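Right, one structure below, let's go through it.
The values are calculated or read from the model by the stated rules, or taken from the named source; none is laboratory data. Every value quoted in this text rests on a predicted model; they were computed, and no experiment measured them. Cβ placement follows ideal geometry from the backbone for every residue including glycine, while neighbour counts extend to all protein chains displayed.
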Amino acid sequence: MSDQPVAVHGGDYEHVLGISGEYAGGVRLDYRAMGLQGLFARMLAERCFEVCEFSLANYLMLRAAGADWLRALPIFPNRAFRHGHALTRVESPLTGLEQLAGRRVGVPDYSMTAAVWLRGLLADEYGVPEGAVTWVTGPRQRLPFPSQARVEVVDEDLEDALTAGRIDALLGFSPRDARLPSAQRRLRPVLADAEAAERDYYTRARIFPIMHCVVIRSDVLQAMPRLAPALWEAYTAAKAAAYRRRLGTTLAPWSARHWERVFALFGGDPLPYGLTSENRRVVERLGAYIVQQGFVGAVPPLEDIFLPVD
């Protein structure tokens, strides 16, 4: 297995561009960007990737249920606030997330990390328990629904359902509507100023939600004991290089100053890796939501489910 580069599949982010290469112990890595929803589904169904980015919520659920075919490094390449991803129709009366109580809200997959975070956010910050919302989703799900879930399964495109008024809001990512000229768009965020709400949430809760981790198939890890430290080296070096180059700040006006403000807010590293105190707080909060939402009875200690790193 060590004669060929280890394929690492994940998202197309600026801070992973430099991962491909050779690392300590002669481990060679080949980073391959691909669509994440298909990646997660294939890894669950086929276990076909040696190393890949993976849903953090789904990983915690699998490990809590006793799955031992994959292990994760505390590398978290994707984080996102979800306040601004709750979409509704332009003419909708909804202007606050607390108004989602009693509504029908679409989610692409009930167990996806973004949906777990959104339900937890609604409960903690807006007084909307998960049972106060009817969660509308499609027939293809990664994991079974918890017994307590208030879910309605529909066999239609959720963005179409929102536009047509069959649901009230949608946890949406890159909607087709956003590609239309502004005057033709049918959808808008529920919150008019989501960034202000996200900044306030982070200032109070110190939570920048982690979406994904990096997993290794256990048989691959056993065959290549040097793989885990090589991956840690690769991801941390690639992120450091992106930070030095300030990737993403070279095209738009004022973006360099925005970079400085964001890095100051997050203490110099908005994407920390490892089981730092902040990362522990975030992962443990997500684990608490998974338990509260009925996916598992308990989440094991983090030291039992993440590989140790230097």
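Numerical summary
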| quantity | calculated |
| --- | --- |
| Some residue of the range 75-83 being over 22 Å from Ile207 (Cβ atoms), of a type in the set (D, E, K, R) and surrounded by fewer than 23 Cβ atoms within 10 Å (Cβ to Cβ) | no |
| Yes/no for Arg261 being surrounded by fewer than 17 Cβ atoms within 10 Å (Cβ to Cβ), more than 23 Å from Gly84 (Cβ to Cβ) and not aromatic (Phe, Trp, Tyr) | no |
| Qualifying residue in the range 36-44 (condition: aromatic (Phe, Trp, Tyr) and touching a Leu at 6+ places or on another chain (Cβ under 9 Å)) | no |
| Scope the range 238-276; condition farther than 24 Å from Leu70 by Cα, modelled with pLDDT of 90 or more and of a type in the set (Gly, Ala, Ser); matching residues | Ala240, Ala241, Ala242, Ala264, Gly267, Gly268 |
| Candidates Glu91, Glu98 - the one that is assigned to a loop (DSSP other than H, G, I, E, B), of a type outside the set (A, V, I, L, M, F, W, C) and free of Cβ contacts under 8 Å to residues at least 40 places away in the same chain | Glu91 |
| Close pairs from the range 23-34: first assigned by TED's automatic domain parsing to the domain that holds Trp232 and of a type in the set (Lys, Arg), partner surrounded by 14 or more Cβ atoms within 10 Å (Cβ to Cβ) and not in a strand (DSSP E or B), Cβ under 7 Å, at least 6 apart | Arg28/Pro5 |
| Hey, Glu91 assigned by TED's automatic domain parsing to the domain that holds Val282, at pLDDT 95 or above and either farther than 23 Å from Glu125 by Cα or among the basic types (Lys, Arg) (or both) or not | no |
| Test: residue in the range 223-233 that is closer than 25 Å to Arg47 by Cβ and loosely packed, with under 13 Cβ neighbours inside 10 Å | yes |
| Given (1) assigned to a helix (DSSP H, G or I); (2) over 23 Å from Tyr289 (Cα atoms), index of the condition Arg199 fails | (2) |
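For every residue, the table says whether it meets (1) free of Cβ contacts under 8 Å to residues at least 24 places away in the same chain; (2) surrounded by fewer than 21 Cβ atoms within 10 Å (Cβ to Cβ).
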| position | (1), (2) |
| --- | --- |
| Val136 | no, no |
| Glu152 | no, yes |
| Arg166 | no, yes |
| Leu180 | yes, yes |
| Arg186 | no, yes |
| Ile210 | no, no |
| Val220 | no, yes |
